[in-house]
Amino acid sequence: MATIQYGSTGKVLRVDLTKGKIWDEALDEATIRRFLGGTGLGVKYLIEEVDPRTNWNDPQNILFIGSGPLGGLRIPGCASISVVTKGAQTNGATSTQANGNMGAYLKWCGYDAIIVSGASPTWKYIYVSDNGVELKDASKLVGKDTWETEDLIKKELGFQERGMSVFSIGPAGENLVKFAGIFGDRGHSASHNGVGAVMGSKKLKAFAVARGTKKVPVIDAEKISEIGRQTTELAKAFGGGNVFNWGTSRVLPTAEAAGWLHVKNYTTNIFPKKDLFMGDRVRALFKSQNYPCYACASHHYELMEVTEGPYKGFAGKEPEYEQWASVSSQIGQEDPGTAVYLANLIDRLGMETNEAGWIVGWCMECYEKGFLTKKELDGLEMTWGNVAAVEQILKNIAYRKGYGNTLAEGVKFAAEKKGGEALNCAIFTGKGNSPRGHDHRGRWVEMLDTVVSDTGTLQTQMLVSNSEIWNMPKPMDPFNWEQVAQAEANSTGSMTISDCMVQCWFTSFNDTKLQLEAINAATGLNMTLDELKKAGRRIVNVMRLYNLKAGLTPDKEKPSPRYWSKPVDGPNKDKPIQPHWENMMNLYYKLMGWDRKTGRPLPETIKELGIEDIAEKFK
Amino acid sequence: MRIDPNVCIACEACVPYCPVGAIKMKDVAEIDQEMCVDCGVCRNSKVCPVDCIIFEVQPYPRDLRVTFSNPRTGHKATGIAGRGTEEMKTNDVTGRFKRGMVGLGLEFGRPGVSTTFRDLEKMSMALAKHGVEFEDKNPVTFLMVDKKTGKLKDEVLDQRVLSAIIECVLPIGKLKDVLATMKEVSKQIDTVFSVDCICKAEPDGSYPVKKILAEAGITPYINGKQNVGLGRPLAKEDK
């Protein structure tokens, strides 16, 4: 098999933590053509090496962390990483991405990806540089939060801030909290579906990748430069430059107005203090400093210091929209400075921000309604907006203390264990993951996406640049179940392609045409648009075949009672999704070419995508 | 100026700030050291999100770039900041430009263009042949090996600066020939330059060299650049 020469380093790094063994493995061209890279490449290793019946915390599970064919090239958004493993929340295949610089640095060190297998007897971290790879002792880092870990490793190895990218787990990951994530480069996170818990189960504290100096060879460097410029222009123009200039900092008030901001665990859709959280206001009020990733000119990501209120002087990162919402509207907390503190606390403890919000909000609602008592909550008065109690319960979860040990298993587990009325307050999906930080009763496409996604997070996105090539309904009525099913099914693969390129959505906007030009200019594979689209859909279907063997059934593809309940107020009060659910799912399955009873891709779907061998393996 | 390649994130934020277009994008931003005039605009703009633009004090002759290009730096030789000359602004007190004489200021380069001393030397040597007297309190004069020939020190010739000014004074009678020489030399020069003609106004307020300029095909833009009222004419008039 021919090793891939362009757009790739031609190899991946293998680390067996059980044996303490490190080796290189060649990457061939046929694999890239079939699985593209990033998420797709991770899925390839997962399905080949990890039996679907393996438990997420079994040493046989692998943890893939990798870049894509555009990684390390000067195209905005392409320094990100994708993590693939069997996730702790769904126990199925998962993929989750983080921005930052690790993807680029890794390729400059000469690797497309790192694949970790086995489990170490003692805590370790992996150090990759131009000069080689080492497994280093991490015993002194145990108990350190994700920011401290980043600082300590850079200090120990003698690297300056931008000279190394460190992604680590915090106490939550060490203690196998089911929604622990992997955090690095000052608060970027790959955090869905418990990938941090998988890392913890392997006793791997961190990945430390130096800024390598090897160039990634490409077939057409001039074209890559041009695509870089075009991508910047696209990002500047998309949505009137809102994301380019403001990141997600302006989303919260907009979301509230449209009825898709989650407020107090879906008990209302009104958040009167929304304007306090407007990005224009917050960035002007607090000290704010742009902190972009490699090759990116956008003002998406900022460092922030609180300048007023109870957390005056606290410095960390500016929360993303989902973080703002998780620690404000969702838990009835109305001070932006406090939100900055709590969002950073969650990052430092190393938990997924949305699940943390769902679980705290659930406790608060249950406490208010008397379903959970102060005693059950270890003496914490979980009233809406009680910051001291929130802080303590988050720590109890991260260290699995008292009731925190139950909550550490995630919303679904805790709610089902409690049962009764409390179960009806919880927001989750039947598979075990919970949604991103929105009220999806006002974003039907994303509710469907969250429920059917193979990854335990977002798998497709209705908002695509060049959406006509994905045959999106236009104009789109977001509350028309037929169009929702069509939008979700038709765009399947678009987000997956971005996750295989490992390109940040805030720069790519899933512009598949531009990505096609980019992958061809980088690799010389001369793929066609149809081939690329098919590759995106192929990876979705391969994950599904795997997950069906890992325990997924169609009846698990369902929102929890609260998740699909009728909004009690706000603009979407009279738009319940539940009555349309069955029809919507039937249509979605049909459009996807899946069997409604078994959930399995139909023979013609399997044939069209050229995955007969994989279907045979996971019969 | 230099960009630390281990820190730069290639966001391109600095690129439009460079007055001479010396910042080129490779895998990270790189500053073309020949083109860069060390003016510091990229760094002083504070636009770099990772603060990776570095200025290191340079040894002679490279340090000339800063002195001529960064308006916040003073010339060691003259003690005057910016391009390092007072021109006619203090003539009230200094009396540098006397009746019957014309001062010339040849401003080489501009932001966006820049110049090398090699180009300046072509002009200064041509002017010297007419016996002009170069202004002592001028940084270009300071770089001359010999004021009689207008020759600059060899080691400075390849240094590039944002702009630099040749200043000299000559009898009005020589102006016509000097203008012809300037026009000729201008063909050999790879930058732009403008010419200041500095004279004391006649008692009736008229401009003594207007006619000579008109005959040479030059339309002057006349302005009174003297800082009127800032000093008493202590200089002894026409002595």
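Read-outs: derived from the displayed coordinates by stated rules, not from any lab. Bear in mind the structure is a predicted one, so any value in this text is a computation, not a measurement. No Cβ is skipped: glycine too gets one built from the backbone with ideal geometry, and neighbour counts run over all protein chains shown.
Brief remarks on what is shown
- Gain on full stretching of the segment that runs from A:THR213 to A:GLU612 - 0.36 nm per residue minus C-alpha separation: 139.6 nm
- Rg ratio (alpha-carbon, reference 2.2 N^0.38 Å) - the stretch A:11-210: 0.91
- Between the stretch A:474-520 and the stretch B:99-125, the C-alpha centres lie 59 angstrom from each other.
- Rg/Rh, computed from the Cα trace of the stretch A:197-239 with Rh as the Kirkwood radius, has the value 1.26.
- Efficiency of FRET between A:TRP23 and A:ALA2 - r from beta-carbon atoms, R0 22 angstrom, step 0.05: 0.60
- Förster-model FRET efficiency, 25 Å R0, B:VAL145 and B:VAL169, C-beta, rounded to 0.05: 0.80
- Treating each Cα of the stretch A:531-577 as one equal point scatterer and applying the Debye formula with no solvent, the log10 of I(q)/I(0) at q = 0.14, 0.15 Å⁻¹ comes out as -0.61, -0.65.
- Label-to-label distance, nm, for residues given as B:VAL50 and A:LYS136 (7 Å Cα→Cβ offset): 1.9 nm
- Fewest-first sequence of A:GLU48, A:GLU148, A:GLU517, A:GLU302 by Cβ atoms within 10 Å of each Cβ: A:GLU48, A:GLU148, A:GLU517, A:GLU302
- Packing-based exposure ordering (other Cβ within 10 Å, fewest first) of B:GLU135, A:GLU256, A:GLU222: A:GLU222, B:GLU135, A:GLU256
- Mean Cβ neighbour count within 10 Å, used as a protection proxy, ranking A:518-526, B:151-159, A:114-122 highest first: A:518-526, A:114-122, B:151-159
- Taking other C-beta atoms within 10 angstrom as a stand-in for reagent exposure, A:MET592, A:MET527 fall in the order A:MET527, A:MET592, fewest first.
- Mean partner shielding of peptide A:293-302, defined as the number of other chain Cβ atoms within 10 Å of each residue Cβ, is 3.
- The spread of Cα positions in the protein assembly as shown, taken along each principal axis and listed from longest to shortest, comes to 109, 61, 57 Å.
- Shown here: chain B, whose C-alpha atoms stretch 64, 39, 32 Å along the first, second and third principal axes, sorted largest to smallest.
- With helices as the sole contributors, the protein assembly as shown gives -9500 deg cm²/dmol at 222 nm; each DSSP H run of n ≥ 4 counts as -39500 (n - 2.57), and the sum is divided by every residue.
- Relative contact order [Cα under 8 Å, 6+ residues apart], chain B, whole percent: 23 percent
- Cross-link pairs beyond the 26 Å C-alpha cut-off, checked among A:LYS375/A:LYS417; A:LYS178/A:LYS549; A:LYS236/A:LYS317; A:LYS273/A:LYS312; B:LYS137/B:LYS187: B:LYS137/B:LYS187
- Centre separation in Å (Cα based) which lies between the stretch A:568-619 and the stretch A:343-370: 31 Å
- For chain A, DSSP calls about 85 percent of its internal beta bridges antiparallel.
- Using alpha carbons only: equivalent-ellipsoid semi-axes of the stretch B:74-215, gyration tensor based, whole Å: 24, 18, 14
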